[in-house]
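What follows is a single structure, written as structure tokens, with notes after it.
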Amino acid sequence: MRQPGRAERLAAAHARDGATCLWCARPLDGRVVATTDHVVPKVRGGPSWLENEVAACRRCNGERGHRGAVDWLQECERRGWSPDAERLARVLDDLAAAIEERGGQRRARPHLDAQRRRLANLRRAAA
Ligand SMILES: [Zn+2]
């Protein structure tokens, strides 16, 4: 399956999620530089699919590094930012569905499953 190029994927992430950073909620208005961040990091086998990418500011993307999405979400909360846990949960669910449909991604699957479980537990605890 053909995946769109980087600029197209960023535009699609904006259209899907709104033009704010998932991690710190700042508007990606040009003063804050927009990047696409891999929810499942490439080093964990995460694919360069739209379903694995969210719009994030360059600072958050860079500071997160290769950390898992839920670890980084918690770090953002510790810093007093307002990460969008609901958006993250939706993206993780959509990615799991895309992997289910397309197959493969054997390395990414266990990491993704663990992230989804942890996020569900966190959100239950917060509710
Ligand atoms: Zn940010």
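The values are calculated or read from the model by the stated rules, or taken from the named source; none is laboratory data. These numbers come from a predicted model, not from an experiment. Cβ placement follows ideal geometry from the backbone for every residue including glycine, while neighbour counts extend to all protein chains displayed. SASA here: full protein model, heavy atoms, side chains in, ligands and nucleic acids out. Shrake-Rupley method; radii C 1.70, N 1.55, O 1.52, S 1.80 Å.
Number of residues in the stretch 22-47 that are under 17 Å from Ala114 (Cβ atoms) and of a type in the set (Val, Ile, Thr) equals 3. Which of the following residues is in contact with a Gly (Cβ under 9 Å, 6 or more places away or on another chain) and hydrophobic (A, V, I, L, M, F, W, C): Ala98, Ala55? Exactly one residue qualifies, and that residue is Ala55.
If only residues of the stretch 26-42 that are within 30 Å of Arg107 (Cα to Cα) and among the hydrophobic types (A, V, I, L, M, F, W, C) are counted, the one that is nearest to the ligand (Cβ to nearest atom) is Ala34.
Could you tell me whether the stretch 84-106 includes any residue that is under 30 Å from Arg31 (Cα atoms), more than 14 Å from the ligand (Cβ to nearest atom) and more than 15 Å from the chain's Cα centre (by Cα)? No, every residue in the stretch 84-106 fails to be under 30 Å from Arg31 (Cα atoms), more than 14 Å from the ligand (Cβ to nearest atom) and more than 15 Å from the chain's Cα centre (by Cα).
In the stretch 2-19, is there at least one residue being outside any loop (DSSP other than H, G, I, E, B), within 12 Å of the ligand (Cβ to nearest atom) and either under 25 Å from Glu100 (Cβ atoms) or open to solvent by less than 60 Å² (accessible area, probe 1.4 Å) (or both)?
no
When we screen Arg31, Arg26, Arg58 for residues that are closer than 29 Å to Ala127 by Cβ and open to solvent by 80 Å² or more (accessible area, probe 1.4 Å), the only hit is Arg26. Listed by first and then second residue, the pairs linking a residue in the stretch 1-24 that is among the basic types (Lys, Arg) to a residue that is part of a helix (DSSP H, G or I), with Cβ atoms under 6 Å apart and 6 or more places separating them unless they lie on different chains, are Arg9/Leu50. When the stretch 16-32 is limited to residues that are modelled with pLDDT of 85 or more and closer than 17 Å to Leu95 by Cα, the one that is farthest from the chain's Cα centre (by Cα) turns out to be Arg16.
Okay, residues lined up against (1) surrounded by fewer than 20 Cβ atoms within 10 Å (Cβ to Cβ); (2) β-branched (Val, Ile, Thr); (3) assigned to a helix (DSSP H, G or I):
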residue	(1), (2), (3)
Leu73	no, no, yes
Ile99	no, yes, yes
Gly104	yes, no, no
Asp113	yes, no, yes
